[in-house]
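Structure, as structure tokens:
Please treat every number below as a calculation from the coordinates, not as lab data. This structure is a prediction, so every number in the text was calculated from the model and none was measured. Quick reminder, even Gly has a Cβ in these numbers, built from the backbone with ideal geometry, and neighbours come from all protein chains shown.
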Amino acid sequence: MSTETHPSTAEQDEHHDEDENYLNHESGLWSWLTTKDHKRIGILYLISLAAVFLVAGVLAIIMRLELSGPDQTIMSNDTYNQVFTMHGIMMVFLFLVPSTPAILGNFALPMQIGAKDVAFPRLNDLGDLCDGVCVDLYGDQLHRDHP
Ligand code: HEM
């Protein structure tokens, strides 16, 4: 007679639950974009803000190129002013200011205070989407003629 014991279905389920976490409890882009999980929202902000940092960093490189020589002109004075302004605004208002509250505030703070989740998770998601829309609008201003 075999003495081998097999885990019951309940035990299997329990084991399965232990393996489940905020990264794998649901999969697919839509589940991420519509998530109400505060850790996932924190990760989404991390990705958006990293993208903003990258775009503003590219603008910094463009400025560096312009300033790399005394008579270097890869763009007009007006364009330089626009690039300068966009770099500053993006770095400060779309990266620096929101980074700590959006990323750490969503990911870590609920755990620190023992809360199950954040209030108004869908509004929180919308905030992340607005960040993307803002970058789009700012970028749109770059190639417009200003009086
Ligand atoms: C978190 C905020 C910011 C970060 C991380 C940041 C980062 C950088 C980096 C890495 C460069 C390239 C430096 C180099 O090539 O020598 C740069 C250049 C520049 N940044 Fe920022 N920046 C920030 C905010 C601002 C603000 C608020 C302004 C102005 C309103 C600004 C104006 C400039 C200008 C004019 C340059 C070109 C200077 C040069 O390359 O010599 N930056 N920035």
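Phi angles of segment 54-67 translate, via the Karplus equation with coefficients 6.51, -1.76, 1.60 and θ = phi - 60°, into HN-Hα couplings of 5, 4, 5, x, 5, 4, 5, 5, 4, 5, 4, 4, 4, 8 Hz per residue; Gly and Pro are given as x. Sorting the segments 20-31, 39-50, 79-90 by their mean number of nearby beta carbons within 10 angstrom, highest to lowest, gives 39-50, 79-90, 20-31. Put a dot 7 Å past the Cα of I47, heading toward its Cβ, do the same for A119, and the two dots end up 2.8 nm apart. Of the residues I41, I74, P110, the one whose Cα sits farthest towards the positive end of the charge dipole of segment 35-142 is P110 (charges of +1 on Lys and Arg Cβ, -1 on Asp and Glu Cβ, taken about the Cα centre). Rounded to the nearest 0.05, the FRET efficiency derived from the C-beta distance between V92 and H25 at R0 = 35 Å is 0.50. Put in line by how crowded their Cβ is, counting other Cβ atoms within 10 Å and starting with the fewest, D78, D131 read D78, D131.
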